[in-house]
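Down below is the structure, laid out as structure tokens.
The values are calculated or read from the model by the stated rules, or taken from the named source; none is laboratory data. If you're wondering where the values come from, they're calculated on a predicted model, not measured in any experiment. Positions of Cβ are backbone-derived with ideal geometry, glycine not excepted, and every protein chain shown enters the neighbour counts. Just so you know, the surface numbers come from the protein's heavy atoms only, side chains and all, with ligands and any DNA or RNA stripped out. Shrake-Rupley method; radii C 1.70, N 1.55, O 1.52, S 1.80 Å.
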Amino acid sequence: MPGLQQSISSVVQAAIDTGRTIELDSFIVRVILDRVGVLQTERQANGEPPLHLAINFTPASLLDSQFEPRTLASMVVAAGMKPRNVTLECTEQQVVSDMGSMARQVKALRRLGFGFAIDDAGAGYASFSMIASLRPSIIKIDREIAYGIARDDAKQALVEAFVSFGGRIGALLLAEGIERRADLAMLTGLGVDLGQGYLIGKPAAVPAAPRRMETLLLDSTRKAIGRRVAAAARPGPRARPHRALAPD
């Protein structure tokens, strides 16, 4: 698809516009499970714990017969994983056409051990009513809300509402797109449980192990102090001597 390689969101939107989301999701899931199967084998050989994997799905795919809960569970087991190590993320780019069927599908998936997340909450179709109907195990707060939250009272109030809402339904809160230390500190202070973003770690072929929020905050503080110390130690520009004016 020429011109779409720069953004997976553009590819997904193109699939939605052309009615090919199920085809796209089927391809992506196969590629992901093949890759994770290799990683799991390597981790087992090294005595490392299993990965926890999150896979994005469009609502249409989650309702399609090829992703029927037991069929999907069999695919995951064949890749060397267990359903409890997999969280399914419902993307916000496509409206849920049949909320009743979706709620039943999510319940069936969770009975088999899968986690379920609402992606990009606060944007698109991921509304409070959708979250209340599907009762996810993780609510992922949209990056546009998380970015700059340290200086935005309205965003802070919205995240507080999500935290309260998540606590009532037993869901963890995850903030996307964390790129600033101040935003990380604010989100942690507001009660957000998890985070992702370039400040925490960039995408990699071999994923890094998760780190605790407290460790991230300490690391950020140490780096900030280190930069200030280094800046103070650098010699400043030499002052030019002032020329004295001769008296008249």
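Would you mind working out the accessible area per residue for the range 64-122, using a 1.4 Å probe, and quoting it in Å²? Walk me through the numbers before you get to the answer.
On the way: 2620 Å² over 59 residues.
For the range 64-122, the per-residue accessible area is 44 Å².
With a Förster radius of 51 Å, plug the Cβ-Cβ distance of residue 103 and residue 44 into 1/(1 + (r/R0)^6) and report the FRET value to the nearest 0.05. Before the final figure, lay out the partial values.
Numbers: r = 36 Å, r/R0 = 0.70.
FRET efficiency, residue 103 to residue 44: 0.90.
Along the Cα-to-C-beta direction of residue 10, a point sits 7 Å from the Cα; which residues of the range 40-60 have their amide N less than 12 Å from that point?
none
Please tell me the relative contact order of the range 45-100 in percent, rounded to the nearest whole number, where contacts are Cα pairs under 8 Å and at least six residues apart.
Details: 44 pairs, mean separation 28.7, N = 56.
Computed over the range 45-100, the figure is 51 percent.
Residue 31 to residue 68: FRET efficiency via 1/(1 + (r/R0)^6), r the Cβ-Cβ distance, R0 25 Å, to the nearest 0.05? Please list the in-between numbers first.
Details: r = 20 Å, r/R0 = 0.81.
Step by step, r from the Cβ atoms, then E = 0.80.
Using 1/(1 + (r/R0)^6) with R0 = 51 angstrom and r between the beta carbons of residue 160 and residue 205, what's the FRET efficiency to the nearest 0.05?
Working: r = 37 Å, r/R0 = 0.72.
After rounding, the FRET efficiency stands at 0.85.
Where Lys and Arg each count +1 and Asp and Glu each count -1, what net charge lies around residue 103 among other residues with Cβ under 14 Å from its Cβ?
Taking every Cβ under 14 Å from that of residue 103, the sum is +4.
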